[in-house]
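The structure appears below as structure tokens.
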Amino acid sequence: MNRRTLIRQLGLSLPAYLLSKQAGASFFENFDPVAKGPFQPSWESLQQYTVPEWYRNAKFGLWAHWGPQCEPEHGDWYARGMYEEGSDHYKFHLQQYGHPSKFGFKDVIHQWKAEQWNPEELVSLYKRVGAKYFFAMANHHDNLDLWNSTYQSWNSVKVGPKKDIIGGWAKAARKLGLPFGVSVHAAHAWTWFEVAQRADKNGPMAGIPYDGKLTKQDGKGAWWEGLDPQELYAQNHPLSKSSNDNGVIHSQWNWGGGASIPSKAYCEKFLKRTIELIDKYEPELIYFDDTVLPFHTVNDVGLRIAAHHYNQSIKRNKGKLNAVLNGKILDEMQRKCMVWDIERGQSNVIEPFTWQTDTCIGGWHYDKRVYDNRSYKSAKTVIHTLADVVSKNGNLLLNIPVKGNGTIDDQEKAVLEEIADWMKLNAECIFDTRPWKVYGEGPATTETAQLSGPGFNEGKGKPFGAADMRFTVKGDTLYAIVFGWPEDGKVKIKSLSEGNALRPGAITKVEMTGAGDLRFQRNNEALEITLPENRPALTYALVFKIN
């Protein structure tokens with residue numbers, strides 16, 4: 001393969017290609033793990049991909065974004081924040097565990113036992129709530145593999161709970177008939193853990209290095225004797241540009257802006273870890289917490305994993321491709337090759353290709369303060385989000401934070417039970433549906449928030465009210481999901497007015513799920529539906545079947 005062809009297939013600029021060569025990205029010339037099949041590790045080949053119908057029909061998945069950072073129960077990115085002097089996580093860590101020079105994140109892992117974890121019990125609950133697929137986190141930026149990893153000694157079977165977390169989740173999901181997915185976040189440990197190379201600038205511990213520079217030789221007599229902290233922290237490299245700025249990592253997420261470029265060995269190891277994860281646990285869904293794919297602008301590791309994932313799915317399913325692969329900030333071409341993921345946000349249009357919102361009812365990692373402040377997202381918010389996403393050709397992946405011990409709390413259970421109650425009556429307007437000609441109507445459609453980077457427009461638009469609604473369709477039935485009970489007892493759907501080009505044919509019947517047939521009239525302004533006298537228990541998302 002000549003250089004021009006290589007650059008084109010990787011989707012790299014020449015400077016990025018040269019950086020990748022400096023970093024040893026050519027390791028793939030000596031290691032080719034891609035399973036045989038129709039997909040090759042190039043964007044041209046991946047454009048053969050078609051989103052499987054089961055995923056288009058599924059609409060709703062639940063996610064356990066759970067790992068050792070849930071042990072302190074102090075929120076997301078704990079393993080980074082505990083090394084940021086003066087930060088909220090740092091202050092908590094000093095009080096709870098001691099100074100990070102003496103008690104680092106490796107020691108937090110050691111305390112994590114997951115002693116009450118019952119994967120079948122949780123997945124069974126999620127299925128009853130309405131989830132059509134289940135995701136488990138396979139590793140985070142903290143670099144701990146949550147399975148019996150051949151290539152990463154820091155794994156949950158060898159340290160911490162000493163359990164095969166992914167194995168347990170996969171067994172439960174398959175027993176309960178839910179497609180299984182894994183989220184993979186570890187590509188960024190290289191820069192994410194740079195904070196562990198620091199030392200305090202102030203106070204009695206000023207100048208004493210944190211544990212991010214420790215080596216295997218330093219472990220003699222310690223609980224981690226025989227393990228190499230560098231295998232976990234991945235910090236045997238120069239710092240990124242402006243590394244002392246805690247926020248700069250966000251502008252370097254795509255390995256630009258002065259990010260330290262990962263070594264050949266680091267990238268090859270990530271590839272081997274992820275290929276093993278796919279081959280050993282056979283997930284149908286993979287979510288990458290990366291811009292496009294892991295190391296996208298540096299090398300073709302992500303492309304190779306994508307091709308392998310698709311080819312293995314075809315092999316497992318006797319010639320049928322059931323696989324889904326999620327990535328962020330995709331361009332138009334890339335959205336043909338995989339499923340675009342929007343983090344904590346939604347598109348403002350009906351997308352031509354199936355996409356996904358991933359969000360959470362609290363923080364990504366469990367945070368006891370969310371519980372104490374009773375600040376979880378309500379079932380109402382979740383259902384509104386689900387209806388909005390589905391109306392625009394999307395799926396919703398919802399994380400329910402799991403405590404360090406492997407359980408969820410009573411407030412989370414209450415949210416899930418309320419979603420289950422709504423689903424009992426109204427699931428037909430969500431599952432197996434497709435978008436209508438317009439996604440909805442109402443005041444909130446005129447004041448939407450634009451996406452920021454990978455998403456993050458959630459909750460920034462005009463709040464939903466009883467005049468807002470979303471549409472889905474199944475066969476000849478149109479569903480209108482109305483976000484509240486109008487004070488005058490009348491639902492007015494302007495998109496279905498007499499003679500409206502969106503629905504020129506006659507409307508013969510209108511039902512409300514759980515209440516039967518309703519009286520309606522159609523005039524030049526709207527289809528006007530008279531609500532029943534008896535209100536249902538959950539009035540924040542009323543579902544009307546229009547035939």
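Some points to look at:
- Annotation note: of Asp468, Asp388, the sole residue that is in contact with an Asp or Glu (Cβ under 8 Å, 6 or more places away or on another chain) and surrounded by 21 or more Cβ atoms within 10 Å (Cβ to Cβ) is Asp468.
- Applying a threshold of 6 Å to beta carbon distances and a minimum spacing of six or more residues, or different chains, the list of pairs starting in the range 110-126 at a residue that is under 20 Å from Arg174 (Cβ atoms) and ending at one that is assigned to a helix (DSSP H, G or I) reads Pro119/Gly168; Pro119/Trp169; Pro119/Ala172; Glu120/Ala172; Val123/Ala172; Val123/Ala173.
- For Leu321, the requirement of being farther than 29 Å from Ile261 by Cβ and either assigned to a strand (DSSP E or B) or at pLDDT 95 or above (or both) is met.
- Tally of residues being touching a helix residue (DSSP H, G or I) at 6+ places or on another chain (Cβ under 7 Å) and either without any contact (Cβ under 8 Å) to a residue 40 or more places away in the chain or hydrophobic (A, V, I, L, M, F, W, C) (or both) across the range 231-252: 6
- Entirely in the range 36-94, the helices (runs of 4 or more DSSP H) that have 3 or more residues that are surrounded by fewer than 21 Cβ atoms within 10 Å (Cβ to Cβ) and either under 20 Å from the mean Cα position of the chain (by Cα) or at positive phi (or both): 53-58
- Scanning the range 327-354 for residues that are in a loop (DSSP other than H, G, I, E, B) and polar (S, T, N, Q) turns up Gln346, Ser347, Asn348, Thr354.
- For beta carbons closer than 6 Å, sequence separation of 6+ or different chains, a first residue in the range 511-538 that is closer than 18 Å to Tyr479 by Cα and a second that is of a type in the set (Phe, Trp, Tyr), the qualifying pairs are Met512/Phe544; Ile529/Phe520; Leu538/Trp422.
- Subset of the range 428-487 (residues that are in a loop (DSSP other than H, G, I, E, B) and among the hydroxyl-bearing types (Ser, Thr, Tyr)): Thr433, Thr448
Listed here are the residues, each with its yes/no results for (1) of a type outside the set (Gly, Ala, Ser); (2) closer than 30 Å to Trp54 by Cα; (3) in a helix (DSSP H, G or I).
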site: Gly177; (1), (2), (3): no, yes, no
site: Val182; (1), (2), (3): yes, yes, no
site: Pro204; (1), (2), (3): yes, no, no
site: Trp223; (1), (2), (3): yes, no, no
site: Ser240; (1), (2), (3): no, no, no
site: Cys267; (1), (2), (3): yes, no, yes
site: Lys272; (1), (2), (3): yes, yes, yes
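- Conditions (1) in a loop (DSSP other than H, G, I, E, B); (2) within 25 Å of Val389 (Cα to Cα): number failed by Glu511: (1)
The values are calculated or read from the model by the stated rules, or taken from the named source; none is laboratory data. The structure displayed is predicted, hence computed values, not measured ones. As a convention, Cβ positions derive from the backbone with ideal geometry for all residues, glycine included, and neighbour counts pool all protein chains shown.
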